[in-house]
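The values are calculated or read from the model by the stated rules, or taken from the named source; none is laboratory data. As the structure is a computational prediction, the values presented were derived from the model and not from experiment. Each accessible area value is taken on the protein alone, full model and side chains, heavy atoms only, with ligands, DNA and RNA left out. Shrake-Rupley method; radii C 1.70, N 1.55, O 1.52, S 1.80 Å.
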Amino acid sequence: MAENDVLLALGNSPSRKKILAHWEPENKQFWNKYGKKIANQNLYTSTWSLVLSFVVWTLWATIAAKLNTVGFHFSDDQIFTLAALPGLIGATGRLFYTYLPGLLGGKTSTLVTTALLLLPVIGLGNALQDTTTSYDTFVLLVAFIGIAGANFSASMANIGFFFPKANKGLALGINAGVGNLGVSLIYLTAPLLLGWNLSGLFGPGLLTADGSPLYLQNVCYFWAIPTVLTLVLIWLFMDNLPLPKQSPKSILSIFGNKHTWLMCWIYTCGFGSFIGFSAALGLLVAKEFPEVSFSMAAFLGPFIGASVRPLGGWLADKLNCGSRVTLLSLFVMLAASFAVLFGIQTHSFAVFFGSFLLLFLTTGFVNGASFRMIPYIFNNPFHSSLVTGFTAAIAAYGAFLIPKIFGWSYASFQSVTPAFYILIAFTVSTILITWYFYDRQGSGIQC
């Protein structure tokens, strides 16, 4: 529809429902007069709900190591299994959550998936106050927490429909990048909540061996409060766009496209590294630098990686070339990986931690820029949305695989060096894929 035709069809003072029915973000007049405000309201609300999802998804990592100090009696293998479950369930759940906006609508899917967070959070809060709670009960509740990680795919699959191509990189970068800040937010607040006596609200704490109380349930109950308030914001400020219904054949067609799998590989190198290193860094520091007190610094890496993600999307939009930003960031990531390994081998915490922060920085740029590439590779908006969600699902397995690779390396070689060689080789392969298929002059794709 021509630019003026849309405005004529809407008439004077159109209702929000009517505007959504005529949604054309590529129409500049429509976008400036009606679209931008509604799109931004959906973006900001979606982003905050995603922050909460990442908080819930990673909160168990801040609790697991404390269980046996307050009277629980789980083996190392059981603790490790519990720690791995949220990443495994979250990544698998993303494969299905990708389709929720198309089936339920963006507002409805966000409302449902955010409300579901309350069940494991409140359930865990109750379980953590009783040291007789069985291991099987924790398996069920911690696995349920994993669904919070699946929310990312539904959120990303939805928000791209609201924005024109020229703004998708920044919009997706804000939604994902600020959402990822939930990881650093829980690492920052958990040490405070664990020691904060809120027994009048959340119940008494459990005693450690030295007689001091620890309030494990605070970490769960506290975040239930903003989750309830967020449900109100979603109801008031988000919308269900009238998305086109696609046949199963159309949906399945993305799996026959090689670019779906190539983008999964690239994004896994970015987000898979971000979420995997977030989960494993504390353990790595404890193994390699036991003399360092790290609890209050654990949030820094995830904070940096999440904060620069919108910048990666913005820069890709500005240069009109997400592949170039991705490629350059991957080269820096490669150099940072070697520097981290050097810091470990020379037992220099300053080199190790500084290089790791650079590594997190590069994951943010890769994440923001690579997601901007997808709408330019897949011209069909619906397919672009599905691929965005699917790549997010595959990359989330990094939360499970990177800690497993580190654990395997220590168990097999009593050193983490082989694990970093594997990750370095993966980064090199991603550089080659990005250059050959998307950034070289003869690739045939401008993204």
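The orientation-averaged projected area of the convex hull spanned by the Cα atoms of region 248-446 comes to 11.5 nm².
Which shape class, rounded, prolate or oblate, goes with region 329-447 when its Cα gyration tensor gives a ≥ b ≥ c as root eigenvalues, a/c under 1.5 marks rounded, and past that a/b bigger than b/c marks prolate? The shape class here is prolate.
Counting only DSSP H runs of at least 4 residues, each contributing -39500 (n - 2.57), and dividing by the residue count of the chain, the helix-based mean residue ellipticity at 222 nm comes to -23500 deg cm²/dmol. Across the accessible surface of region 34-246, with the other protein chains kept in place and a 1.4 Å probe, carbon and sulfur atoms take up 69 percent. For the chain, the convex hull spanned by the alpha carbon atoms encloses 139 Å³ per residue. How far, in degrees from 0 to 90, does helix 147-159 lean away from the longest principal axis of the Cα atoms of the chain, to the nearest 10? Tilt of helix 147-159: around 20 degrees.
Computed from the Cα positions only, the extents of region 225-341 along the three principal axes stand at 57, 42, 31 Å, in decreasing order.
Ellipsoid fit via the Cα gyration tensor, region 34-246: semi-axes of 35, 17, 14 Å, each the root of five times an eigenvalue, largest first. If you sort the three axes of the alpha carbon gyration tensor as a ≥ b ≥ c, you get a/c of 1.5 or more for region 217-284 and a/b no higher than b/c, which makes it oblate. Divide the volume of the convex hull around the Cα atoms of region 1-117 by the residue count and you get 128 Å³ per residue. Compute the acute angle (0 to 90°) between the alpha-carbon long axis of helix 76-97 and the principal axis of greatest extent of the alpha-carbon atoms of the chain; round to the nearest 10°. Compared with the principal axis, the helix lies near 10 degrees. Within a straight-line Cα-Cα reach of under 14 Å, residue 28 can be paired with the following aspartates and glutamates, leaving aside sequence neighbours fewer than 8 residues apart in one chain: 3, 5.
In the chain, the longest principal axis of the Cα atoms and the axis of helix 300-319 are about 20 degrees apart. For the chain, the per residue solvent-accessible surface stands at 40 Å², with DNA, RNA and ligands left out and a 1.4 Å probe.
Applying Stokes-Einstein at 25 °C and 0.890 mPa s to the Kirkwood radius of region 145-258, computed over alpha-carbon pairs, gives a translational diffusion coefficient of 137 µm² s⁻¹.
Filter the cross-link list 107/168; 66/287; 17/318; 258/318; 18/249 down to pairs whose alpha-carbon distance in this structure exceeds 22 Å. The pairs that break the limit, which is 22 Å between Cα atoms, are 17/318; 258/318; 18/249.
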